[in-house]
Amino acid sequence: MEIRAVAKYIRISPKKIRLVADLIRDMSLNKAIETLSFLPHRAARPLLKVINSAIANAENNFGLKKEYLQIKSLIVNQGPALKRWTPKARGVATPIKRRSSHITVILATTKDDKSIKKPEEKKEKRRVTKLTDQIAQPVPTQKIKETRLGEKPEVFDRTRLGSDRHKQHLDKVRLKEKGGSLKKVFRRKAI
């Protein structure tokens, strides 16, 4: 069984990362982690991160222990390079390539595959639709809003929720025609 982890677009040239990767390629997993944590090279930090990510993938996804893992392969590929320019003498500019790298770590198990648990299949969650919610809870079609004393009650249609909500202005227009408190709100002001 192979467990992999990939880090992409690391802003260090692949040549510099390969120098550190060659040091740890044939080491055991624990010794490689210990070596990377004490190396002064800048490339050691992203390599350590990718190895730790591969270990976490093995523990969480496959239930493997760290003791039963070893580095099968450590691949450093070239990523895209950013093109920059630097000025030189006599008004000449020369190109600079800021290189990036892709690191791939593949771990293998030292133990036989029978003791490894298979990744669990995702269970499909039961969705509750709006239609079933409406059937489960009966809703009255009309509700009278409580108003202050002396005002006419405003009729609010519960069926006009959601997609028909924009039609509620028609209720206000009808109430405005009848008169009442909304007539005062929507009346034309004299200039």
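The values are calculated or read from the model by the stated rules, or taken from the named source; none is laboratory data. Treat the numbers as computed from the prediction; the structure is a model and nothing was measured. Neighbour counts are summed over all protein chains in view; Cβ atoms, including those assigned to glycine, are modelled from backbone coordinates with ideal geometry.
For this structure, a couple of remarks:
- Test for N52: is it closer than 20 Å to R4 by Cα, exposed (fewer than 14 other Cβ atoms within 10 Å of the Cβ) and either among the aromatic types (F, W, Y) or under 30 Å from the mean Cα position of the chain (by Cα) (or both): no
- Between I12, I33, I116, I55, the distinction of being in contact with a Ser or Thr (Cβ under 7 Å, 6 or more places away or on another chain) and at pLDDT 95 or above belongs to I12 only.
- Some residue of region 106-119 being under 27 Å from the mean Cα position of the chain (by Cα), in the same structural domain as S13 (by TED's automatic domain parsing) and closer than 18 Å to M1 by Cα: yes
- Any hit, region 82-98, residues being in the same structural domain as N52 (by TED's automatic domain parsing), outside any strand (DSSP E or B), of a type outside the set (S, T, N, Q) and under 29 Å from L47 (Cα atoms): no
- Criterion (exposed (fewer than 11 other Cβ atoms within 10 Å of the Cβ) and within 23 Å of R4 (Cα to Cα)) met by exactly one of N60, N30: N60
- Scope region 1-17; condition under 24 Å from L82 (Cβ atoms), crowded, with 18+ Cβ neighbours inside 10 Å and not small (G, A, S); matching residues: I10, I12, P14, I17
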